[in-house]
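Colleague: Structure in structure tokens, see below.
The values are calculated or read from the model by the stated rules, or taken from the named source; none is laboratory data. Keep in mind that this is a model prediction, so the values were computed, not measured. FYI the Cβ positions are ideal-geometry reconstructions off the backbone, even for glycines, and counts take in every protein chain you see. We work out accessible area using only protein heavy atoms, side chains counted, and drop any ligands, DNA or RNA first. Shrake-Rupley method; radii C 1.70, N 1.55, O 1.52, S 1.80 Å.
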Amino acid sequence: MLVKTYCAAVNGLEVTTVTAEVSLAKGYMFHLSGLGDEAVKESRDRIAAALQNNGFKFPQNEVTVNLSPADIKKEGSSYDLPLAIGILAANSDMRSDMLSDYMIVGELSLDGTIQPIRGALPIAIRARAERFKGLIVPKQNEREAAVVNNLNVYGMETLKEVIDFLNGVEGYEPCFVDTRKEFYEHQYQFDLDFADVRGQENVKRALEVAAAGFHNIIMIGPPGSGKSMMAKRLPSILPPLSLAESLETTQIHSVAGKLEKGTSLISQRPFRSPHHTISQVAMTGGTSKAQPGEVSLAHNGVLFLDELPEFNKNTLEVLRQPLEDRKITISRAKYTVEYPCSFMFVASMNPCPCGYYGDPTHHCVCTPGQIQRYMNKISGPLLDRIDLQIEITPVPFKEIASTRQGEPSSVIRERVIKARQIQEERFRNHKGIYFNSQMSERMIHEYAEPDDNSLELLHTAMERLSLSARAYSRILKVARTIADLEGSQKVQTNHIAEAINYRNLDRGDWAERGI
């Protein structure tokens, strides 16, 4: 007897519907075809034990299983459940008339418990596109998959429940998630707030500018000056995710298996902060299964690298292309996977090896040469992609002990949102351009052209401060964002002056001057 069940193969964010064909004939062998990996091949043993522990017997026949299309590699253990159901139906141990209406995914434990899988959300999207009546998933994945409208999602805990459901036993209801309600309820709930930050008004201003224009930023300061503390609060001033952005972000985390239990949609922008020992593969994505890396997990959010010079130089260099293209392609021998990675790059570092260059309360023991070698760990091409470079000094005791709270994140966020709305209108007719940080040279001349006074100021600054040529365009982009925050249609002299102050590392005498 031949029976077909339907499941899915996840390749990056792309999902292919897989037909699991099960045929029984006289004999004693088990054959599995369709490019299954080791986990798929081992499914026979898990299925046999699960059937036996739930009152069924593995068929005493020759069992042939084909996962079609056979030329696409099948990875993981999510095929256990559809194969088990197909084997039972082919052996006439359950009904088979409802199998064509449902897509089924899940890993089986030896006792028949269904374990969670990766990629439930993109699988649900594919199931709806294929017009399946419903999707059967592990109980832990039901809320994640149920955010897809017009699809009945059934979360099951055991193999016995799936068998009963497909046999027509009543009492099983699809999971319902009020997507919009849950999404909007959690958008403004932050544990960290800028109101807790004492002093550092100039740094908070720089972070506001960076958030408004989606500019990359690096903070340089001695230990304990508050670099990490302020970076962690950055998501609280970024504009809220749109529903489309949330869906895309949740898919990436779903494929990576990073969603917390019971999560439906990610409603806040991601904040990823990998350790400096991270490898190139973990940063960009890869391994044999082409899983998303940190750059993709930070999509639509923030990638924060603390102590930037401590990262492996090759690991830092692989960031150059994702920062430019906002997507990353992972190539393997037989397939290619593309992940989006539009993130805001935030970094922090000490100003020198000992950490106290420019600290008024500590004496720096580093020579200018040591400082320069320390700074040279960050390449010019990577530094070229960082628009704002801000120096931080320790907060005086008077401000630390102050009971007066700073400006709350909600107030800063409103200004950032208004500036973003201006940019959305400005770039409405430019495909793929959404923020000032993405402007090309032609757009800079069109939207951020300085007047004569501003041009003279910029010329003077570049000569006196020994600013590099690459700083010119960055200054104009940042100045355009500062003007948007003030609601100004034109870039004015004060906007240029503020933007110049955010190019500290481009100054030719940075390692030799006193702060």
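Colleague: For the stretch 149-296, what's the relative contact order in percent, using C-alpha pairs closer than 8 Å and at least 6 residues apart?
Modeller: Contact order relative to length: 21 percent.
Colleague: Report, in deg cm²/dmol and to the nearest 500, the calculated mean residue ellipticity at 222 nm for the chain, where each DSSP H run with n ≥ 4 adds -39500 (n - 2.57) and the sum is divided by the residue count.
Modeller: After summing the helix terms and dividing by residue count, I get -10000 deg cm²/dmol.
Colleague: Ignoring ligands, DNA and RNA, what percent of the accessible area of the stretch 428-476 is carbon or sulfur (1.4 Å)?
Modeller: 49
Colleague: Ok, one more. What's the angle, to the nearest 10 degrees (0 to 90), between helix 43-52's Cα axis and the longest principal axis of the chain?
Modeller: 50
Colleague: OK, next. Return the whole-Å distance between the Cα centroid of the stretch 86-112 and the Cα centroid of the stretch 154-190.
Modeller: So the two Cα centres are separated by 19 Å.
Colleague: Does anyone have the angle between helix 409-426 and the longest principal axis of the chain? Alpha-carbon axes, 0 to 90°, nearest 10?
Modeller: 90
Colleague: Related question: So what J values fall out for the stretch 224-239 if you push phi through Karplus, 6.51 cos²θ - 1.76 cosθ + 1.60 with θ = phi - 60°, rounded to Hz, Gly and Pro as x?
Modeller: x, 8, x, 4, 5, 4, 6, 4, 5, 8, 4, x, 6, 10, 6, x
Colleague: P(r) for the chain, please, calculated from all Cα pair distances in 10 Å bins and given in %.
Modeller: 4, 17, 23, 20, 14, 11, 7, 3, 0, 0
Colleague: Counting pairwise Cα distances across the stretch 45-147, what percent come out greater than 24 angstrom?
Modeller: Here the tail beyond 24 Å accounts for 23 percent of pairs.
Colleague: Restricting to Cα pairs below 8 Å that are 6+ residues apart, what does the relative contact order work out to for the chain? Please round to a whole percent.
Modeller: Contact order relative to length: 13 percent.
Colleague: Using Cα atoms only, what is the angle between the long axis of helix 80-90 and the major principal axis of the chain, expressed in degrees (0 to 90) to the nearest 10?
Modeller: 20
Colleague: Please compare each pair in Lys258/Lys313; Lys289/Lys477; Lys57/Lys139; Lys232/Lys313; Lys232/Lys377; Lys4/Lys73 to a cut-off of 29 Å on the Cα-Cα distance and tell me which ones are over it.
Modeller: In this structure, Lys289/Lys477 exceed 29 Å between Cα atoms.
Colleague: Next question, about the same structure. Provide the per-residue ³J(HN,Hα) series for the stretch 240-256, in order, calculated from phi with Karplus coefficients 6.51, -1.76, 1.60 and θ = phi - 60°, each as a whole number of Hz, with x at glycine and proline positions.
Modeller: 3J(HN,Hα) across the stretch 240-256, in whole Hz: x, 5, 7, 4, 5, 5, 5, 5, 5, 5, 5, 4, 4, 5, 5, 5, 7.
Colleague: Starting from the amide H of Arg503, placed 1.01 Å from N in the peptide plane, find each other amide H under 5 Å away whose residue is 5 or more places distant or on another chain.
Modeller: HN-HN under 5 Å from Arg503: Gln389.
Colleague: Under a straight-distance cross-link criterion of Cα-Cα below 14 Å, which aspartates and glutamates are reachable from Lys334, leaving out those fewer than 8 residues away in the same chain?
Modeller: Output for Lys334: Asp37, Asp71, Glu75.
Colleague: If the rule is a partner Cβ under 4.7 Å, which cysteines in the chain fail it?
Modeller: Those would be Cys7, Cys175, Cys341, Cys354, Cys364, since no other cysteine Cβ in the chain comes under 4.7 Å of theirs.
Colleague: Here is a further query. Pairs of Cα atoms under 8 Å, at least six residues apart: use those to get the relative contact order of the stretch 430-481, whole percent.
Modeller: 59 percent.
Colleague: For Arg269, what charge total do you get from the other residues with a beta carbon under 13 Å from its beta carbon, if Lys and Arg give +1 and Asp and Glu give -1?
Modeller: +3
Colleague: What are the trypsin sites (Lys or Arg not before Pro) within the stretch 424-515 that DSSP puts in a loop, where the Cβ has at most 13 other Cβ atoms within 10 Å?
Modeller: Passing both the DSSP loop test and the Cβ count: Arg428, Lys431, Lys490, Arg513.
Colleague: Taking H as built 1.01 Å from N, whose amide H comes closer than 5 Å to the amide H of Asn11, not counting residues under 5 places away?
Modeller: Placed amide hydrogens put Thr16 under 5 Å from Asn11.
Colleague: Next up: What number comes out for the charge environment of Ala127, summing +1 per Lys or Arg and -1 per Asp or Glu over other residues with Cβ under 12 Å away?
Modeller: Around Ala127, the charge tally is +2.
Colleague: At 10 °C and 1.306 mPa s, grab the translational diffusion coefficient of the stretch 99-170 from Stokes-Einstein with a Kirkwood Rh over Cα pairs, rounded to a whole number in µm² per second.
Modeller: 132
Colleague: List the residues, sorted by chain then number, that are 5 or more residues from Tyr357 or on another chain and whose placed amide H is less than 5 Å from its amide H.
Modeller: Under 5 Å from the amide H of Tyr357 lie the amide H atoms of Cys352, each far enough along the sequence or on another chain.
Colleague: Run through the stretch 129-180 and list the trypsin sites (Lys or Arg not before Pro) located in a DSSP loop whose Cβ has at most 11 other Cβ atoms within 10 Å.
Modeller: For trypsin sites (Lys or Arg not before Pro) across the stretch 129-180 that sit outside H, G, I, E and B with at most 11 neighbouring Cβ atoms in 10 Å, the list reads Arg131.
Colleague: Sticking with this structure for a sec: Could you look at the stretch 1-97 and say what percent of its accessible area is carbon and sulfur, using a 1.4 Å probe and all protein chains?
Modeller: 46
Colleague: Then there's this: Between the stretch 424-469 and the stretch 1-36, what is the separation of their alpha carbon centroids in Å?
Modeller: Cα centres, the stretch 424-469 to the stretch 1-36: 56 Å.
Colleague: Related question: Once you charge only the Cβ atoms, +1 for Lys and Arg and -1 for Asp and Glu, what is the size of the charge dipole of the stretch 88-225 about its Cα centre, to the nearest 20 debye?
Modeller: For the stretch 88-225, the charge dipole is close to 540 debye.
Colleague: What list of ³J(HN,Hα) couplings, whole Hz, do you get for the stretch 484-490 from phi and the Karplus terms 6.51, -1.76, 1.60, once you set θ to phi - 60° and write x for glycine and proline?
Modeller: Karplus values, whole Hz, x for Gly and Pro: 5, 5, 8, x, 8, 6, 10.
Colleague: Which whole-number value in Å² is the accessible area per residue of the stretch 121-259, probe 1.4 Å?
Modeller: Heavy-atom accessible area per residue stands at 39 Å².
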